[in-house]
Amino acid sequence: MALRHEEVTVRPLRRGDADAWRATRRRNAAWLMPWDATVPPGGDDRPTTFRALVRRLHRQARHDTTYPFVVEVDGRFVGQVTVNNVVRGSALFASVGYWLDRDAAGRGIMPRAVAMVIDHCFTGLGLHRIEVAIRPENSNSLRVVEKLGLTEVGYAPRYLHIDGAWRDHRLYAITAEDCPDGLLRRVV
């Protein structure tokens, strides 16, 4: 399955993405570090290889809890959007997180990619609500949810372990009723 809009493609992460993923992460390490999740003391260890990461994410996808997507521009790997913490039953919600190659920033790529993934969550996965948590200092990510028209629904002190410490986050959400014609239409 691949989602496309003009030059932007969103597709599932696969083992063959290892070299492009590593090169992009390495090239953007300093730029992404302030926003990257870290493991708190006593937390579960993260996978130490890309292969182990993909294996874990695919296992979680089979269990309907996580869906990792690659973002490509004209076939070049530029980032990732991940649907996390999928909850079924009476809730039908999930969280979305994302990161982008600095060279691709500021071109409207991530709002389109996130919109395509959220539209897929509503239509393909049958979810009702999507949430995004963003550090208040992360102006680039805040711009994405602003462009998408997500509603700020709260503030969560010490919400996620990021860059080595528990960090506050602003919380945004959108429901299927908020965008009956699809979220991508808001961006284009």
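Among Thr48, Thr24, which is the only one that is part of a helix (DSSP H, G or I) and either surrounded by 11 or more Cβ atoms within 10 Å (Cβ to Cβ) or not small (Gly, Ala, Ser) (or both)?
Thr24
Being assigned to a loop (DSSP other than H, G, I, E, B) and either touching a residue at least 12 places away in the same chain (Cβ under 8 Å) or farther than 17 Å from Ile118 by Cβ (or both), is that true of even one residue in the stretch 79-88?
Checked against the condition, which is being assigned to a loop (DSSP other than H, G, I, E, B) and either touching a residue at least 12 places away in the same chain (Cβ under 8 Å) or farther than 17 Å from Ile118 by Cβ (or both), the stretch 79-88 yields at least one hit.
From the list Arg55, Arg46, Arg107, pick out the single residue that is under 21 Å from Arg186 (Cβ atoms) and charged (D, E, K, R).
That would be Arg107, the only listed residue that is under 21 Å from Arg186 (Cβ atoms) and charged (D, E, K, R).
Restricting the first residue to the stretch 104-129 and requiring it to be part of a loop (DSSP other than H, G, I, E, B), which pairs with a second residue that is surrounded by 22 or more Cβ atoms within 10 Å (Cβ to Cβ) and of a type in the set (A, V, I, L, M) meet a Cβ separation below 6 Å and a spacing of at least six or different chains?
Pairs that qualify, where the first residue is part of a loop (DSSP other than H, G, I, E, B) and the partner is surrounded by 22 or more Cβ atoms within 10 Å (Cβ to Cβ) and of a type in the set (A, V, I, L, M), are Leu127/Ala94.
Suppose we filter the stretch 6-21 for residues that are open to solvent by less than 90 Å² (accessible area, probe 1.4 Å), closer than 16 Å to Val73 by Cα and not in a strand (DSSP E or B); how many remain?
Number satisfying all stated conditions: 5.
Filter the stretch 128-172 for residues that are of a type in the set (Phe, Trp, Tyr) and in contact with a Lys or Arg (Cβ under 8 Å, 6 or more places away or on another chain) and give the result.
Of everything in the stretch 128-172, those that are of a type in the set (Phe, Trp, Tyr) and in contact with a Lys or Arg (Cβ under 8 Å, 6 or more places away or on another chain) turn out to be Tyr155, Tyr159, Trp166.
Could you count how many residues in the stretch 64-78 are in contact (Cβ under 8 Å) with a residue 24 or more places away in the chain and either under 30 Å from Gly89 (Cβ atoms) or touching a Phe, Trp or Tyr at 6+ places or on another chain (Cβ under 9 Å) (or both)?
Residues flagged as in contact (Cβ under 8 Å) with a residue 24 or more places away in the chain and either under 30 Å from Gly89 (Cβ atoms) or touching a Phe, Trp or Tyr at 6+ places or on another chain (Cβ under 9 Å) (or both) within the stretch 64-78 amount to 7.
Answer with yes or no whether Val96 is in contact (Cβ under 8 Å) with a residue 40 or more places away in the chain and either under 24 Å from Met1 (Cβ atoms) or assigned to a loop (DSSP other than H, G, I, E, B) (or both).
In short, no.
For Asp178, indicate whether it is open to solvent by 40 Å² or more (accessible area, probe 1.4 Å) and more than 27 Å from Phe77 (Cβ to Cβ).
Criteria met by Asp178.
Can you give me the number of residues within the stretch 136-146 that are over 14 Å from Leu100 (Cα atoms) and open to solvent by less than 80 Å² (accessible area, probe 1.4 Å)?
Going through the stretch 136-146 one residue at a time, the tally reaches 2.
Pairs needed: first member in the stretch 165-177, within 12 Å of Phe93 (Cβ to Cβ); second member anywhere, outside any strand (DSSP E or B) and β-branched (Val, Ile, Thr); C-beta distance under 9 Å; at least 6 residues apart or different chains.
So the pair list comes out as Ile174/Ile118; Ile174/Val145; Ala176/Thr123.
The values are calculated or read from the model by the stated rules, or taken from the named source; none is laboratory data. Being a predicted model, the structure only gives us computed values, none of them experimental. Heads up, the Cβs are rebuilt from the backbone with ideal geometry, glycines too, and the neighbour counts pull from every protein chain shown. Note: accessible area is taken over every heavy atom of the protein model, side chains too, but ligands, DNA and RNA are not part of it. Shrake-Rupley method; radii C 1.70, N 1.55, O 1.52, S 1.80 Å.
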